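One structure is given here, and the rest of the page talks about it.
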Amino acid sequence: MILGTDANQVLLKALITMRLLDPNATSNPDAVKAAIERWQPITGDDLVKIINDNYADQIQAEASYIPLFRLGLWNNETDEPVTLQESITSNLNWLFLLRRTIAQQKYPLVLLDIVGSSTPDNRGMLVPAGRGARHWLVVTGLTSWSQWMQGTQYHWVRVANPFENETEYYPWDTFIGSIENLPPNLVTVSKK
């Protein structure tokens with residue numbers, strides 16, 4: 001298990017850290033359900049706080065603010081975000097950012113869409129953006145540059161998926177296709 005805990009324990013700690021759940025009510029299913037329903041979309045700063053407040057003895061999280069226009073992710077003419085799937089420039093800039101971050105032994109947390117628990121055979125697997133449950137994964141590796149340059153069949157991403165506590169490998173296009181939008185900050189974790 002990642003961090004010696006399971007996803008349910010992480011969720012309970014997050015709800016307590018965000019002051020949505022009383023620490024004495026964690027065994028009350030109705031209280032937990034109500035806290036989850038009150039939870040607004042989590043920001044990068046919230047995620048950093050949850051990680052650092054609960055797992056500081058094992059890992060450290062930080063948020064790096066990224067001007068989206070510098071990644072080619074903002075269309076200045078329409079004043080709207082550009083998806084990674086729409087722009088080759090933004091796709092490559094995102095790839096370079098991930099590579100640079102991983103080389104510093106900082107592992108990006110990315111919000112992707114996955115198959116929910118209703119389909120046991122492939123639950124937790126990535127699906128196209130907008131077609132699944134939103135879920136945080138940790139990007140832990142990319143195919144080496146020398147292999148990457150040999151063609152798209154070598155464009156792979158390695159992620160740690162806490163849904164099933166497994167390391168998974170995805171083609172770059174599947175990975176990019178599962179990202180609905182990028183937050184204005186990149187949250188990374190590093191081992192202590």
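Nothing in this text is a laboratory measurement; each read-out follows from the coordinates by a stated rule. Note that the coordinates shown come from a computational prediction; the quantities given were computed from them, not determined experimentally. Positions of Cβ are generated from backbone atoms using ideal geometry, with glycine treated the same way; all protein chains shown enter the neighbour counts.
Using bins of 5 Å that start at zero, the share of Cα-Cα pairs per bin across segment 6-64 amounts to 4, 19, 29, 25, 14, 7, 2, 0, in whole %. Counting neighbouring beta carbons within 10 Å and listing from fewest to most, the residues MET18, MET149 come out as MET149, MET18. Under 5 Å from the amide H of THR140 lie the amide H atoms of ARG158, VAL159, ALA160, each residue being 5 or more positions distant or on a separate chain, with H modelled from the backbone and absent for Pro and chain starts. Computed extension gain for SER64 through GLU164, at 0.36 nm per residue and net of the alpha carbon distance, reaches 33.2 nm.
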